Each structure stands twice: as structure tokens, then as C-alpha cells.
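Single-structure report; data block below.
The values are calculated or read from the model by the stated rules, or taken from the named source; none is laboratory data. Since this is a predicted model, take the numbers as computed values, not measurements. Please note: Cβ atoms are built from the backbone with ideal geometry, for glycine as well, and neighbour counts cover all protein chains shown.
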Amino acid sequence: MFKRLLLLSLALLISGCATFESTPPSNSNITQQWQFTAKFAVRTPDEKNSAKMHWSQVNDQYDINLYTIFGISIMSITGDEQQVIINNRGDEYTGSNAQQLIYRLTRWHLPVNDLQHWVTGVVHNASDAKYDTQGNFYQGNITSLDNKQWQLTLSDYKDINGHSRPHRLLLKSGNTYFKLAISQWKIQH
């Protein structure tokens, strides 16, 4: 159960990276580089778990590491637009799409393909979207591939090098939720 939940949590966190579409201007070499440190929790009717994470992103390439609260490495996830690789203490899982990999490992349909965008405050696919007084996305509804409704909430926005970034994310449907609490952002230009 612990391994399955951690695989799900990890895949949730990297899924947006697997489908990220970056289209910088063709005549420049713009680099999008950021990283954050966070705690996350996943709860289903049958399971619950939490861990710490470090996510590093350069354009479409990412490196995500999960740790226990004592700093012991649990697993790593690396990938880009073409491939996702999860390494869990020597066991390796590979897929071309994080959402499909989550389903393959857990049999759960979760709407996570845009997570990379959500953590930066960008939400394109929400219905009934609400915004805070600064114009930041606050809350909206997301539909998963199996037509299940999820509520996405982004909050605790802070200015990081001129970029407004949420420090809290909640994705919830019934008794199932995924929480992310970001403690530190770094954005390089």
C-alpha cells in the first residue's frame, strides 16, 4: 500500500511535466528554470500518506525527488515531454505519459496532466473558475478522463522574483484528495 501510494503521489507531481508543451519564440533560446521544496499528502478512502519533495524544472526536463520526513530518499522521477521514469529503490517504471503511468500502477484515473502548470498558478482547463483580488486563479472544477469531477484550489500566493506563485494546492473529489504545501520557490531567468 505504501509503495502504491508513493508511486501515485510521485506520478501526480510529475504528470504535468510529461505533457508539458513549451513553445518559446523560434529565434531565441529562452530557458524556463525553477524549483521548489514542498510537503505533500495523498488521501483516498483506503490509504493516506505524506512525504517531502524537491522538484527541479528546466524547460521540459524535470527531476523530482521524494523523501521521508527524516530526509531518507524514497524515490526519484525524471523525464521530459517524451518519457517519465520512476526509480523506487532499484525498481524502475517507465511511461510516455504520467497520467497513463498512474493508471497503470494504481488503476486510478486522476486529472494530473496539467500539474506542472498548476504549481505555477496557470490553470487553463477549469470550469466555474474563481480568482482572488490580484487576479490569481483561486478555485475551479476539473474533469478527469473518466468524467469524474475534481475541485482544484490554489492559494497562499507570494511574489517570487516578480512572479506570483501559489504555495498551496488542493485537488479534491469526494473522499480523495492531493495536497501540496510549497515551502520554498526558486526561479532563475
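Surrounded by fewer than 17 Cβ atoms within 10 Å (Cβ to Cβ), at pLDDT below 90 and either basic (Lys, Arg) or under 20 Å from Phe36 (Cα atoms) (or both), is that true of Ile64? Answer is no for this residue.
Just to check your reading of the model, which residue among Ser173, Ser155 is loosely packed, with under 15 Cβ neighbours inside 10 Å, within 24 Å of Lys52 (Cα to Cα), of a type in the set (Ser, Thr, Tyr) and modelled with pLDDT of 90 or more?
On the way: Ser173 fails: loosely packed, with under 15 Cβ neighbours inside 10 Å.
It is Ser155.
Residues in the range 158-180 that are closer than 16 Å to Gln35 by Cα and in a loop (DSSP other than H, G, I, E, B): Asn161, Gly162, Pro166, His167.
Hey, does the range 102-111 have a residue that's modelled with pLDDT of 80 or more and crowded, with 17+ Cβ neighbours inside 10 Å?
Step one: filter the range 102-111 for residues modelled with pLDDT of 80 or more, giving none.
No, the conditions are met nowhere in the range 102-111.
Summed over the range 156-176, the residues that are of a type outside the set (A, V, I, L, M, F, W, C) and under 15 Å from the mean Cα position of the chain (by Cα) give a count of 5.
Total residues in the range 119-163 satisfying the condition of being out of contact with any Asp or Glu (no Cβ under 7 Å at 6 or more places or on another chain), farther than 17 Å from Ser183 by Cβ, in contact (Cβ under 8 Å) with a residue 12 or more places away in the chain and among the polar types (S, T, N, Q): the figure is 9.
The condition of being surrounded by fewer than 16 Cβ atoms within 10 Å (Cβ to Cβ) and not β-branched (Val, Ile, Thr) does not hold for Lys179.
State whether the residues of the range 124-135 include one that is in a loop (DSSP other than H, G, I, E, B) and modelled with pLDDT under 90. Explain how you work it out, then say what you get.
Within the range 124-135, the subset in a loop (DSSP other than H, G, I, E, B) is 124-126, 132-135.
Pick out the ones that are also modelled with pLDDT under 90 and you get 124-125.
Among the residues of the range 124-135, at least one is in a loop (DSSP other than H, G, I, E, B) and modelled with pLDDT under 90, which makes the answer yes.
Would you pick out the residues in the range 123-136 that are within 12 Å of Ser155 (Cα to Cα) and either surrounded by 12 or more Cβ atoms within 10 Å (Cβ to Cβ) or under 21 Å from the mean Cα position of the chain (by Cα) (or both)? Those that are within 12 Å of Ser155 (Cα to Cα) and either surrounded by 12 or more Cβ atoms within 10 Å (Cβ to Cβ) or under 21 Å from the mean Cα position of the chain (by Cα) (or both): Lys130, Tyr131, Asp132, Asn136.
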